[in-house]
Amino acid sequence: MAGMCFLLIPVFAHVPTFGEGGKSPETATSVENPAKSRVLYGQLSDEDVQFYSFKIEKGERILLGLIVPVGGESQDHTPDLILMGPELADKGKLPDTLELPEGYGAKVFSGEMPESATYEGFTPAAFYSLARADLQAPESGTYYVAVSSIEGGGNYGVILGYQEKFSLLEWLLIPLTQIKTYLWEGQSLPFIFFPLGLTLATGILVISLKKEAASGFNPARWSGLFAGLFFLGTGLSSIFQMLFSLSRSSYSPEVIITVFLALVGIGLGLTALILSLKDGRYGIKSTRKQFYFFGLGLAGLLLWAGWFMGPVLAFEAAVLLWREKN
C-alpha cells in the first residue's frame, strides 16, 4: 500500500506554502526553485495586489495557476493573475496602481469562475481554478507573479511549478498543512476535528463502560489503544472531508487517492486496537508486539495517519513493556 501512495504522489501533489506575498515588486516574497510544484496560499483585501518573485533562465518552463476556495464569499472572488518579466510580451490591462520595472513586460490572466469546482484527493479539498499559464521564459532574470483584486477580497492560492517532489520534512508535515488548508477554505477548528473528536469520545465511552477490565491495563496498552483511536479518527476524517468536498465539486478519479489514505488510517487504527486488546499476559512475545507498534508508528508518520499523536503514541507503546506482572 505504501508503494502505491509513493507512486501516486508525484502525479497529483503540490507542496503547500502559507504566507502572503509582498506589497510591491521590491518587497515580493521570494520563491526558490520555481520548477518545484507548490501552492502559495494567501489572502487579499479590497483593491489589493500581492507579489511573489523567482529567478529563472531563458527557455525554462513557467507554469502558473490561480485558485480560490469554494463557498462563502469566494463565489464572487475572481482575482487576476499577473506575470511580469524581462522581454515578456504584454497582454491584458494592468491595474492602475501597478508599475512595471524598467525593461519588463506583463501578461494579465483574468480570473474566470468555472462552472464547477475541482476536487483534490490528497487533502482532500475543493477549489475553483480561475486561471492557468504555461510558457517559456523569454529571457533570464527575476520574474514576478502578482495576484490582483479590484473589487472585494478573499483567500487565494497561486500554483507555481511542475516538478512534483517533496523534501522529507515537507512530507512529514503534511498533516499540519492539511489543517491549514481546511482553515484557508473557511472551515472552523470544531468542524475539522469533529470526526476525530467523535472517535475519541466513543472510545473513551466504551472504555468507561468496561471499568473492571480497563483497571488492569498497563501504560503500554493505554498508549496502544489511544494510538489506534487517533489512527482510526484521522481515517474517518478523510472520509468526512471527502464527502464534504464532493458535495461542493464535481467527481474526480482522485477520490481513489482519498479512499486509499482513509483506509490506511482505518487499517492502522484497527490493527493497533486489536493488538492492544489482546490478552495482557503476552509473555515473551511482548517483544514482538513492541516491533508491531514501531511499524504502526512509522507507517502512520509516513502516510499521514493519526495527526502526529497516533504515531507518537504507537512509538510509546513500542518502548514500554507489555508483559503483565503476576
Could you tell me which numbered condition ILE82 fails, if it satisfies all but one of (1) under 29 Å from THR177 (Cβ atoms); (2) open to solvent by less than 10 Å² (accessible area, probe 1.4 Å); (3) out of contact with any Phe, Trp or Tyr (no Cβ under 8 Å at 6 or more places or on another chain)?
(3)
Selection within the stretch 231-257 - hydroxyl-bearing (Ser, Thr, Tyr), over 20 Å from PRO311 (Cα atoms) and under 17 Å from the mean Cα position of the chain (by Cα):
SER245
For the stretch 122-135, does any single residue satisfy the condition of being on the phi > 0 side of the Ramachandran plot and open to solvent by 50 Å² or more (accessible area, probe 1.4 Å)?
no
Could you please give the count of residues in the stretch 86-101 that are touching a Pro at 6+ places or on another chain (Cβ under 7 Å) and either of a type outside the set (D, E, K, R) or crowded, with 21+ Cβ neighbours inside 10 Å (or both)?
2
From the list SER37, SER45, SER116, which one is open to solvent by 50 Å² or more (accessible area, probe 1.4 Å), of a type in the set (Ser, Thr, Tyr), under 27 Å from the mean Cα position of the chain (by Cα) and at pLDDT 90 or above?
SER116
For the stretch 139-164: of the residues being under 19 Å from VAL31 (Cα atoms) and outside any strand (DSSP E or B), which is least open to solvent (accessible area, probe 1.4 Å)?
GLY161
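Give the residue that is most open to solvent (accessible area, probe 1.4 Å), with candidates limited to residues of the stretch 167-183 that are among the hydroxyl-bearing types (Ser, Thr, Tyr) and touching a residue at least 60 places away in the same chain (Cβ under 8 Å). Don't jump to the end; show me each part of the working.
As a first pass, look at the stretch 167-183 and keep what is among the hydroxyl-bearing types (Ser, Thr, Tyr): 167, 177, 181-182.
Within this subset, residues satisfying the condition of being touching a residue at least 60 places away in the same chain (Cβ under 8 Å) are 177, 181.
Details: THR177: 23, THR181: 6 Å².
Selected residue: THR177.
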Residues of the stretch 56-79 classified as closer than 16 Å to LEU160 by Cα and loosely packed, with under 14 Cβ neighbours inside 10 Å, total
2
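Report the residue count in the stretch 102-134 for those that are in a loop (DSSP other than H, G, I, E, B), closer than 22 Å to GLU26 by Cα and in contact with a strand residue (DSSP E or B) (Cβ under 7 Å, 6 or more places away or on another chain).
Kept after step one, since they are in a loop (DSSP other than H, G, I, E, B), are these residues of the stretch 102-134: 102-103, 110-117, 121-124.
Now narrow it down to the ones that are closer than 22 Å to GLU26 by Cα: 102-103.
Cutting the leftovers down to in contact with a strand residue (DSSP E or B) (Cβ under 7 Å, 6 or more places away or on another chain) gives us 103.
Count: 1.
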Can you tell me which condition GLY186 does not meet? The list is (1) open to solvent by less than 40 Å² (accessible area, probe 1.4 Å); (2) on the phi > 0 side of the Ramachandran plot; (3) not acidic (Asp, Glu), and all the others hold.
(1)
Output the number of the condition that GLY59 fails; it satisfies all remaining conditions of (1) assigned to a strand (DSSP E or B); (2) on the phi > 0 side of the Ramachandran plot.
(1)
Residue in the stretch 287-303 that is touching a Gly at 6+ places or on another chain (Cβ under 6 Å), of a type outside the set (Phe, Trp, Tyr) and in contact (Cβ under 8 Å) with a residue 40 or more places away in the chain present:
yes
Restricting attention to the stretch 301-321, the residues that are part of a loop (DSSP other than H, G, I, E, B) and surrounded by fewer than 18 Cβ atoms within 10 Å (Cβ to Cβ) number exactly 3
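Take the conditions of a type in the set (Ser, Thr, Tyr) and at pLDDT below 90 and apply them to THR78. Does it pass? If you could, list the steps in order and put the result at the bottom.
Numbers: of a type in the set (Ser, Thr, Tyr): yes; at pLDDT below 90: yes.
Criteria met by THR78.
The values are calculated or read from the model by the stated rules, or taken from the named source; none is laboratory data. Owing to the predicted nature of the structure, the values given are computational and were not obtained by experimental measurement. All Cβ positions, even for glycine, are placed from backbone atoms using ideal geometry, and neighbour counts span all protein chains on display. The protein model used for the area step is the full one, side chains on, heavy atoms only, and it has no ligands, DNA or RNA in it. Shrake-Rupley method; radii C 1.70, N 1.55, O 1.52, S 1.80 Å.
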